[in-house]
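Q: Below is one structure. I have some questions about it.
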Amino acid sequence: MPHPVRVALETSCAISSIVLAKNAKDAYPNVCIQIWHPEKDLYQYLYFQTAHFDSGATEAPIHLPATAAEYREQLNLIRESDYGKILFDSPAAKAELIGLDLIAYRHFQTPVPPSVWYSLLNNAAV
């Protein structure tokens, strides 16, 4: 029998993704939802300047799927792409100091790549 907390989390995430997709379509249809994905040259910039101006690609507009299951499939595709594997090229991650990357993202006002969040998906509910 599934753990009650996991069931509650899965239900909450499913409802949230449905609400987000609905609101993006109905409540703010003139807003262009977008997301930035870094490219392989990210680490030439990350520790020295705002990196998203010189590295990466923007996905815009994002079309959110109607269900959480479809959204999870979309996230997994990104996670398995070259964009999702950029994290493994980090000098800080190779030295097991991933916190240095997070400090650099914050310090230079560079968005934290979605692959950081998507990497948490292994057994998470979405």
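Q: Given THR67, TYR105, SER115, which one lies farthest toward the positive end of the charge dipole of the range 54-126, if we put +1 on the Cβ of every Lys and Arg and -1 on the Cβ of every Asp and Glu?
A: TYR105
Q: Give me the 1.4 Å probe accessible area per residue for the range 19-126, excluding ligands and nucleic acids, in Å².
A: 63 Å²
Q: Excluding TYR45 itself, calculate the net charge of residues whose Cβ lies under 11 Å from the Cβ of TYR45, where each Lys or Arg counts +1 and each Asp or Glu counts -1.
A: Counting the neighbours of TYR45, the net charge comes to -3.
Q: May I pose another question? Only loop residues by DSSP count here, and only those with at most 13 other Cβ atoms within 10 Å; note down the chymotrypsin sites (Phe, Trp or Tyr not before Pro) in the range 38-80 that meet that.
A: Passing sites in the range 38-80 are PHE48.
Q: Setting aside same-chain residues fewer than 8 positions from LYS85, which aspartates and glutamates have a Cα under 20 Å from its Cα?
A: List returned: GLU39, ASP41, ASP54, GLU59, GLU73, GLU96, ASP101.
Q: Right, something else. Starting from the range 65-126, pick out the GluC sites (Glu not before Pro) whose DSSP state is loop and whose Cβ has at most 13 other Cβ atoms within 10 Å.
A: Counting only loop positions with at most 13 other Cβ atoms within 10 Å, the GluC sites (Glu not before Pro) in the range 65-126 are GLU96.
Q: Where in the range 24-126 are there trypsin sites (Lys or Arg not before Pro) that are in a DSSP coil and have at most 15 other Cβ atoms within 10 angstrom of their Cβ?
A: Loop-located and lightly packed - LYS40.
The values are calculated or read from the model by the stated rules, or taken from the named source; none is laboratory data. Source: prediction; values computed, not measured. Please note: Cβ atoms are built from the backbone with ideal geometry, for glycine as well, and neighbour counts cover all protein chains shown. All accessible areas refer to the heavy atoms of the entire protein, side chains included, with ligands and DNA or RNA removed. Shrake-Rupley method; radii C 1.70, N 1.55, O 1.52, S 1.80 Å.
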